[in-house]
Amino acid sequence: MWSLIKTFCRGFDGGPDFNNTITRKFILEDKQLSVTMPNSNVAAIDSAKDVSFPHTSSIWFKQNTKVYMQHHYVRVMTENWMYVPPVGVGTSSEYGMLSCQVRIKHTSAINVLDKTALAQFVVQAYDDFHNGPEGRNTEIRQETTEESSKMAMPFEPEELEEEIAGRIENYGYPPILPAEIHNVNGVDWVFYQEVRSNVRSRSDFYCLPLSPTSFLEVEFRHRVDRNDQHKKWAKHALDSQQRIMEAILLTDIPASDDNLVAHNAEVV
């Protein structure tokens, strides 16, 4: 009964439950990655199976990479948590979802161990993609320029740039803020956000160098399905994000024989 009252008082049900956590361990060459987070409360991507990730190998990366927009990565694991009303009223009533994906990225464009260079790289990759040949901003620029050329009184050059900037702000991918250094449990992560003023959903990213050519990235996706209900669960999602980050540890491989395959099988 108390649980039901608490759910009604906070205005939502679901989200990460830290009374029901899982811990998975992975080998990142000479390091062990330990990830502890609440178990998914929705049907999720198949559970992590690989435990060894030779992240410095460009051949391995090319063979296993997935691509989404400017993101080229190898997935380590994913968990999802749905936020719903205190009482379900249909399949379209979900408030939104928080997801966490741990993955590895690879680049030879910079020395990844230089966190200042890494901070610039992740933001530049966003700009280059969305303003590049396949980007939505380029499409908007081309469409607006073409519309202007067909008008009885085409936009003046400055007016055209203002119109394009406004449309990108409303319908495209405007510039994001510079990346920052966020300290979590004494470890400095490169932190950046993909936030758009035209949608409530967003992604927060934490990046940690692994080698001169590879880095660990943790993405938290805040997917908002109902804007009018987001305020109810937004703080809970942010607090959960912080707690999950505090439970992600990269350490030397223990001297003891730790059977990671068996360990991960036990927690699935």
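Quick note: the coordinates plus some simple rules give every number you see, no bench work behind them. Quantities reported herein were computed from a predicted structural model and do not represent experimental measurements. Every residue, glycine as well, gets a Cβ built from its backbone with ideal geometry; the counts of neighbours run over all protein chains shown.
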The chain: calculated mean residue ellipticity at 222 nm from DSSP helix runs of at least 4, using -39500 (n - 2.57):
-10000 deg cm²/dmol
Please give the net charge around GLN120, taking every other residue with its beta carbon less than 11 angstrom from that of GLN120, where Lys and Arg add +1 and Asp and Glu add -1.
-1
Mind pulling the angle between the C-alpha long axis of helix 136-150 and the longest principal axis of the chain? Nearest 10 degrees, somewhere in 0 to 90.
10 degrees
Roughly how tilted is helix 230-246, in degrees to the nearest 10 and between 0 and 90, from the longest Cα axis of the chain?
50 degrees
Give the residues of segment 195-220 whose amide nitrogen is closer than 14 Å to a point set 7 Å from the Cα of THR138 in the direction of its Cβ.
none
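In the structure displayed, which of LYS49/LYS231; LYS49/LYS232; LYS49/LYS105; LYS25/LYS231; LYS31/LYS115 lie more than 25 Å apart, Cα to Cα?
Among LYS49/LYS231; LYS49/LYS232; LYS49/LYS105; LYS25/LYS231; LYS31/LYS115, the Cα-Cα distance tops 25 Å for LYS49/LYS231; LYS49/LYS232; LYS25/LYS231.
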Work out the charge dipole of the chain with +1 on the Cβ of Lys and Arg and -1 on the Cβ of Asp and Glu about the Cα centre, then indicate which of TYR173, PRO85, ALA247 is farthest towards its positive end.
PRO85
About its Cα centre, what dipole magnitude does the chain give when the only charges are +1 on Lys and Arg Cβ and -1 on Asp and Glu Cβ, stated in debye to the nearest 20?
960 debye
Would you mind pulling out the separation of the Cα centroids of segment 209-237 and segment 88-156, in Å?
16 Å
Give me P(r) over segment 102-242, computed from all C-alpha to C-alpha distances, binned every 5 Å, as integer percentages.
2, 9, 15, 17, 15, 14, 12, 8, 5, 3, 1, 0, 0
What's the angle, to the nearest 10 degrees (0 to 90), between helix 115-130's Cα axis and the longest principal axis of the chain?
50 degrees
Alpha-carbon Rg with Dmax, taken over the chain, Å
21.3, 77
Compare the Cα positions of PHE26, HIS55, PRO212 along the charge dipole of the chain (+1 at Cβ of Lys, Arg; -1 at Cβ of Asp, Glu; about the Cα centre) and return the one farthest towards the positive end.
PHE26
